[in-house]
């Protein structure tokens, strides 16, 4: 008699404990879970080229969790990331002037 091993994971548990996991939308890597908010109902995902963009994703949008690979997949891609600095303010463009050289 052969016994089959099934490894079922508790997706709700892993969604609530997925801080640091990579986030994918099916086609590409979006970023990583920076923080779990509202008791596991919302994921704060940091992404972008320099990691300066943050978007909050409802936990209901999580399609799959693979704890062994530290990855989660979303049902749909989140809306465009909104740039945000650590203090919560939006970044503003600063002009840098070239130094004046006396002739």
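We did not get these values from a lab; they are worked out from the coordinates using the rules stated. As the structure is a prediction and not an experimental result, all values here were calculated from the model. For neighbour counting, all protein chains shown are included, and Cβ atoms are generated from backbone atoms with ideal geometry for every residue, glycine included.
Descriptive notes on the structure:
- Here the extension length gained between residue 60 and residue 34 equals 7.6 nm, from 0.36 nm per residue of separation less the Cα-Cα distance.
- Amide N proximity, the stretch 37-79 versus residue 27 label position 7 Å along Cα-to-Cβ, cut-off under 15 Å: 74-79
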